[in-house]
1. Look at Y172 and say whether it is closer than 17 Å to A261 by Cβ, over 16 Å from the mean Cα position of the chain (by Cα) and exposed (fewer than 14 other Cβ atoms within 10 Å of the Cβ).
2. Can you tell which of V81, V72 is over 15 Å from Y32 (Cβ atoms), of a type outside the set (S, T, Y) and crowded, with 19+ Cβ neighbours inside 10 Å?
3. Identify the single condition in (1) in a helix (DSSP H, G or I); (2) crowded, with 16+ Cβ neighbours inside 10 Å; (3) at pLDDT 95 or above that R202 does not satisfy, given that it satisfies every other one.
4. Return the pairs, sorted by first residue and then second, in which the second residue is at pLDDT 95 or above and among the aromatic types (F, W, Y), the first residue lies in the range 55-71 and is part of a helix (DSSP H, G or I), the beta carbons are less than 8 Å apart, and the residues are 6+ apart or on different chains.
5. Please find, within the range 243-283, the residue that is surrounded by the most Cβ atoms within 10 Å (Cβ to Cβ) out of those that are part of a helix (DSSP H, G or I) and in contact with a helix residue (DSSP H, G or I) (Cβ under 6 Å, 6 or more places away or on another chain).
6. Is there a residue being without any contact (Cβ under 8 Å) to a residue 24 or more places away in the chain, out of contact with any Pro (no Cβ under 8 Å at 6 or more places or on another chain), over 25 Å from M138 (Cβ atoms) and assigned to a loop (DSSP other than H, G, I, E, B) anywhere in the range 30-46?
7. Within the range 179-190, can you find the residues that are surrounded by fewer than 23 Cβ atoms within 10 Å (Cβ to Cβ) and not hydroxyl-bearing (S, T, Y)?
8. Look at the range 92-101 and say how many of its residues are surrounded by 17 or more Cβ atoms within 10 Å (Cβ to Cβ), in contact with a helix residue (DSSP H, G or I) (Cβ under 6 Å, 6 or more places away or on another chain) and not aliphatic (A, V, I, L, M).
Amino acid sequence: MRYKLVDLEPFRPEETQQKIDETHGLHPDDRYLKPGRIPHIWCPGCGLGIVLSAFIKGLDSAEIPIDNCAVVSGIGCTGRVAGYLNMDTYHTTHGRAIPFATGLKLAKPEMEVVVFSGDGDLFAIGGNHMIHAARRNMDLTVICVNNFNYGMTGGQAGPTTHPGAKTVTTPYGNCEYPFNLTHLAYASGAVYVARWTSFHARYLIESVQKCFSKKGFKFIEVLTPCPTGYGRPNRLGSGLDQMKEYRENSVIRNHINPMDADSELRGPIVVGEFVDEDKPTFLDRYREEVLSKVP
């Protein structure tokens, strides 16, 4: 077999920068996005683009200055969010987004700190950090994009995978019980708990905006399609098919005990703003109980 040599066009950084400059400014959210990073790399039908857009619009609606907000992500498809935002962002090690965010919040209490990561990163390897940050009532906003599997690494089963679902690690069906993330967050001490889907973008924007006006540990779960890693082996159709499922089978039930929001999604998909209460944050109590007693 003979191979034909192909002359490759030399890389010219100045031409690449010119193309970035020409396209930057065309996207309505460009001031929040790093130049040259759009279009994103997520699969067609994935809900992550919608969630990122909703977060930006919630940030904008709350009139939070870009310089006063930091976003911390872990590893996974959702973890790539940090690379698209044109603000202080940290793409941390797997499962460690919340400890990084906690340190940042303690060092700069005036800054809004958001953890933006996936169900596997936050509730599997990072699960212990999640429950203790909620227990302490750290002043953080946690947005968890739940696509029911480890999408980036090939579609393995995770802590939210539905019973009976097929993944590369459960080819005959998953036999484990999943977490109800909203119930776990509330039971651990979160002061604000909501669940939406990527179809409920306007409600999600309102929840993000509200989180910026509250102090304490806020948690938002967003159910999104993963048509490649999860939808394909379970024959759920395209991302659009799954969005249609969210539209037709979701029921909004605000102010209920999250325990009553079925985590297995066997019936109607229960979404809504479940918990909204107030209590002193970790820093409030630290200043009152510790610093006030230091001689």
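The values are calculated or read from the model by the stated rules, or taken from the named source; none is laboratory data. None of these values were measured; they are calculated from a predicted model. Cβ placement follows ideal geometry from the backbone for every residue including glycine, while neighbour counts extend to all protein chains displayed.
1. So Y172 fails the test.
2. V72
3. So the condition that R202 fails would be (2).
4. Between residues of the range 55-71 that are part of a helix (DSSP H, G or I) and residues that are at pLDDT 95 or above and among the aromatic types (F, W, Y), the close pairs are F55/F116; G58/F212; L59/F212.
5. First pass over the range 243-283, keeping only residues part of a helix (DSSP H, G or I): 243-249, 258-260, 282-283.
Checking which are in contact with a helix residue (DSSP H, G or I) (Cβ under 6 Å, 6 or more places away or on another chain) leaves us with 258-259, 282.
On the way: P258: 24, M259: 14, F282: 19.
Among residues in the range 243-283 that are part of a helix (DSSP H, G or I) and in contact with a helix residue (DSSP H, G or I) (Cβ under 6 Å, 6 or more places away or on another chain), the one surrounded by the most Cβ atoms within 10 Å (Cβ to Cβ) is P258.
6. yes
7. F179, N180, H183, L184, A187, G189, listed by residue number.
8. So the answer is 3.
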